[in-house]
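Accompanying notes for the structure given below.
Derivation of every value follows stated rules applied to the coordinates shown; laboratory data play no part. As the structure is a prediction and not an experimental result, all values here were calculated from the model. Note that each Cβ is placed from the backbone with ideal geometry, even for glycine, and that neighbours are counted across all protein chains shown.
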Amino acid sequence: GQQLNQSPQSMFIQEGEDVSMNCTSSSIFNTWLWYKQDPGEGPVLLIALYKAGELTSNGRLTAQFGITRKDSFLNISASIPSDVGIYFCAGQRGANSKLTFGKGITLSVRP
Amino acid sequence: EAQVTQNPRYLITVTGKKLTVTCSQNMNHEYMSWYRQDPGLGLRQIYYSMNVEVTDKGDVPEGYKVSRKEKRNFPLILESPSPNQTSLYFCASKKDLNTEAFFGQGTRLTVV
């Protein structure tokens with residue numbers, strides 16, 4: 001089936017640093033979503049992207065929908081301890097298709 | 001408050017004992033789905049429902065059943081649970097297929 005690739009599985013950064021996460025696919029997706037999951041909670045939507053080339057910000061978060069429709073990145077600037085969690089990308093091919101999730105990246109932030 | 005509510009949050013059961021995990025949403029969303037989350041595998045869709053009485057298999061439907069008799073509820077049924085169904089389960093709902101999914105808080109199931 002369709003797969004979204006996120007790597008590495010874990011990232012460790014220092015508080016205050018910026019971090020960038022990539023999500024790639026061999027297939028085209030028409031919608032890209034980025035979710036964050038805090039420990040013991042369900043995923044929560046961070047940013048939704050609906051148009052190729054779109055660059056969208058949400059506070060310290062910025063995400064872009066790749067021109068090829070096969071990738072997306074999420075950037076977190078000036079990281080803080082509460083940024084710790086698992087970050088998932090998700091893609092949807094079309095109006096009648098389901099969401100496909102990447103395996104997630106676990107982010108750790110050292111104070 | 002708009003939310004997706006799952007019950008129970010935690011469940012330990014024995015192999016073969018039928019169980020149901022409930023999911024309810026108060027947003028009048030048409031689209032609901034169930035996922036399981038396992039280490040290193042991310043979120044995998046079990047079943048989804050596009051509306052009342054309309055359900056379909058996701059990526060990993062074996063060993064699970066669902067029903068959608070009312071718009072707000074989408075229970076996940078394990079007729080004969082096995083240890084390989086030990087996992088973290090999430091229910092999600094969407095207004096329609098083009099909008100983002102809202103997730104419940106998860107149900108951690110252990111089958112011994």
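Inter-chain neighbour count for B:16-29: the average number of beta-carbon atoms from partner chains within 10 Å of each residue's beta-carbon is 0. For the range A:29-111, just say rounded, prolate or oblate: build the C-alpha gyration tensor, square-root its eigenvalues into a ≥ b ≥ c, call rounded for a/c under 1.5, and beyond that prolate if a/b exceeds b/c, oblate if not. The shape class here is oblate. The count of lysine pairs in the protein assembly as shown whose Cα atoms are under 15 Å apart, excluding pairs fewer than 8 places apart on the same chain, comes to 10. Think of the protein assembly as shown as a dipole: +1 on every Lys or Arg Cβ, -1 on every Asp or Glu Cβ, centred on the Cα centre; then among B:51, B:90, A:24, B:51 lies furthest on the positive end.
Rounded if a/c is under 1.5, else prolate if a/b is larger than b/c, else oblate: which is the range A:25-64, with a ≥ b ≥ c the root eigenvalues of its Cα gyration tensor? Here the range A:25-64 falls in the oblate category.
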